[in-house]
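Peer 1: This is the structure I want to talk about, given as structure tokens.
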Amino acid sequence: MATAQDHPALTDEAAFELYVLPEVDVLLRVALSMTRNAADAEDLVQDTMLRAFRGISRFDGRYPRAWLLTILRNAHVNRNRRRRPELLRDADAGTSTSILETQTPYDSAEEIAVGQSFDHVVEDALARLPDRYRRVVELVDIEGLSYRGAAESLGVPVGTVMSRLHRARRRIRDQLVASGIVSGGGRR
Amino acid sequence: MRALRCLRRRHRAHTDSAMLACEAVVELVQLYLDGATDDLTSEQVGYHLDMCRRCGLQADVYLQIKATLSGDRPVPDDAVERLRRFGEQLAGQGLPGAP
């Protein structure tokens, strides 16, 4: 994996091209699943890229995908907040964006050693799932169906899809924790 | 000063009765990341993930899992192309409006 240490003389622009541009497809796929709306997903990725560009000089080059996905999640929060500003009754009115800025997205990247080993453990954990769980993950996360689409495909209620899917992902996550690839600090 | 502001906000978040508890967020986080929560719930879960490092980290792991599983699933080519062009412009010309 290319890191900033491998490229000590990288300009911010070159680092952006090296670390961010190759991840655009992945960011868009994840954004589509978070928004279920193509235009919103594209806006979200664009917002993520802007934030990444602003922060690239502080990025150490390790685990760019983890770094970018955390930025994407924070950008998603901020977009929801802008849509419903009345929900946040922060005494420091007008500082909601700085809340995001105080939380560095790099912490997660340090704790999630994303790379080939992460992918292998996910694939292995998926293969080990009972059929009824694996099938739901395949339909929703791999093929990109909605909960409803997966429910129709399987002939089960949407609630069943949700509970199987969530349990399946928890098992995958448990496997990642057991493998030491991610921190077990988060609750299940 | 900035650190103090940060601490104050975090303290307020922990004492804010409107903030969802971690236990509730654990139940909702996958729905949130799948875009299946309503606007109000999305706002509350997102706020919690923003303020709570442990839940935020858990959400990031789920996002990573989704990113890995989505693999080679096709995405709209025109959208990818627009985003790449946008990124290349950023890399070439910097932030819009910046000197």
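Peer 1: At the nearest 100 Å², what buried accessible area, both sides summed, do you get for B and A when the probe is 1.4 Å?
Peer 2: Chains B and A together bury approximately 6400 Å².
Peer 1: I've got another one for you. Name the residues whose placed amide hydrogens come within less than 5 Å of the amide hydrogen of A:Val182, ignoring near sequence neighbours (fewer than 5 apart) on the same chain.
Peer 2: When sequence neighbours closer than 5 places are left aside, the close amide H contacts are A:Val177.
Peer 1: Along Cα→Cβ, 7 Å out, is where each label goes; now give me the distance between the ones at B:Arg84 and A:Val158 in nm to one decimal.
Peer 2: In this crude label model, B:Arg84 to A:Val158 measures out at 3.6 nm.
Peer 1: Can you give the accessible area of A:Met162 in Å² (nearest 10), computed on protein heavy atoms with a 1.4 Å probe?
Peer 2: For A:Met162, the solvent-accessible surface is approximately 50 Å².
Peer 1: Any idea how far the Cα center of the stretch B:43-99 sits from the one of the stretch A:150-174, in Å?
Peer 2: Comparing the Cα centres of the stretch B:43-99 and the stretch A:150-174, I get a distance of 24 Å.
The values are calculated or read from the model by the stated rules, or taken from the named source; none is laboratory data. Only a predicted model underlies this, so the values are computations on that prediction, with no experimental measurement involved. Methodologically, a virtual Cβ is constructed for each residue, glycine included, from the backbone with ideal geometry; neighbour enumeration extends over all protein chains shown. For the accessible areas, the whole protein counts, side chains as well, though only heavy atoms, and no ligand, DNA or RNA atoms are used. Shrake-Rupley method; radii C 1.70, N 1.55, O 1.52, S 1.80 Å.
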